[in-house]
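The values are calculated or read from the model by the stated rules, or taken from the named source; none is laboratory data. Keep in mind that what you see is a predicted model, and the values were worked out from it rather than measured. Cβ placement follows ideal geometry from the backbone for every residue including glycine, while neighbour counts extend to all protein chains displayed. Ligands, DNA and RNA are stripped out before the accessible areas are found, and what is left, the full protein with its side chains, is counted by its heavy atoms. Shrake-Rupley method; radii C 1.70, N 1.55, O 1.52, S 1.80 Å.
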Amino acid sequence: MAIKIIAIGNILMGDDGVGIRIGEKIKNELKKINIEVIIAETDFQYCVSRIQQGDFLFLLDASIMGKKPGEITVIPIENYIYKGDLYSQHGCSLLTLINLYKKEVKGYIIAIEVEEIKFSLNLSTTLESKLNNITEEIIEIIKEVLKCNNLWEELLLNRRDY
């Protein structure tokens with residue numbers, strides 16, 4: 001079993017790329033404790049090819065749930081059942097493929113509320129100003145989830161400082 005962060009989104013669509021931006025910011029720090037960060041953007045076939053049976057996943061993605069921009073929602077993957085209400089533009093497609101390929105995984109969707117999705121290479125001013133705080137909060141969420149699932153101590157024992 002491996003712990004993987006999968007950052008999904010479209011960096012050409014403004015805030016929709018927030019998961020990618022955060023994945024890039026945390027990649028080096030998490031690599032030191034053997035957590036792989038996969039910058040998948042919208043390539044779900046690539047994502048599924050990197051997922052193995054028993055992996056513990058965190059899916060980072062933008063969301064539109066009517067909350068304040070930058071607000072984070074954590075949704076257990078095993079509780080996510082597609083009923084027509086999308087929590088994440090990309091999560092449904094990726095989770096559908098994981099199920100189709102019969103990959104048994106556990107983990108969480110970490111959804112970041114966006115302000116706007118439009119053609120742009122930049123995040124909205126609101127998300128850009130909150131990006132460091134959102135990133136720190138997500139790192140804390142990941143640590144807490146791993147502690148609750150008795151995975152954190154094992155990661156620290158196998159830490160690589162380089």
- Message: Taking all protein chains in place and a 1.4 Å probe, what share, in percent, of the accessible surface of the chain do carbon and sulfur account for?
- Response: 49 percent
- Query: If each of Ile139 and Leu100 carries a label point 7 Å out from its Cα toward its Cβ, how far apart are those two points in nm?
  - Reply: 3.6 nm
- Query: Can you give the Rg and Dmax of the chain based on its C-alpha atoms, in angstrom?
  - Reply: 14.9, 45
- Taking amide H positions as placed in the peptide plane 1.01 Å from N, state which residues far from Phe58 in sequence (5 or more) or on other chains have amide H under 5 Å from it. Lys4, Ile5, Ile6, Tyr108
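Helix check for the chain. Which DSSP H runs span at least 15 Å along their own axis by Cα, with a mean Kyte-Doolittle hydropathy no less than -1.0? Write down the numbers at each step before the final one.
Numbers: long enough: 18-31 (19 Å, -0.43); 125-148 (34 Å, 0.06).
The answer, listed by residue number, is 18-31, 125-148.
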- Task: Per residue of the stretch 56-64, in order, report the coupling 6.51 cos²θ - 1.76 cosθ + 1.60 (Karplus, θ = phi - 60°) as ³J(HN,Hα) in whole Hz, putting x for Gly and Pro.
- Result: 10, 10, 10, 9, 8, 7, 6, 9, 10
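Leaving ligands, DNA and RNA out of it, rank Thr42, Thr135 by accessible area with a 1.4 Å probe, largest first. Let's see the in-between values first.
Values: Thr42 65, Thr135 10 Å².
Accessible-area ranking of Thr42, Thr135, largest first: Thr42, Thr135.
Show that you can apply the helix-only estimate: for the chain, add -39,500 (n - 2.57) for every DSSP H stretch of four or more residues, divide by all residues, and state [θ] at 222 nm to the nearest 500.
On the way: 5 runs with 61 residues, N = 162.
Value at 222 nm, helices only: -11500 deg cm²/dmol.
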- Using a 1.4 Å probe, what is the accessible area per residue for the chain, in Å²? 54 Å²
- Message: Under 19 Å between alpha carbons, and skipping anything fewer than 8 positions from Lys147 in its own chain: which aspartates and glutamates qualify?
- Response: Glu29, Glu36, Asp55, Glu78, Glu136, Glu137
- Rounded if a/c is under 1.5, else prolate if a/b is larger than b/c, else oblate: which is the stretch 92-162, with a ≥ b ≥ c the root eigenvalues of its Cα gyration tensor? oblate
- Message: Check which residues have an amide H placed less than 5 Å from Ser120's amide H, if you skip close sequence neighbours.
- Response: Met13, Gly14
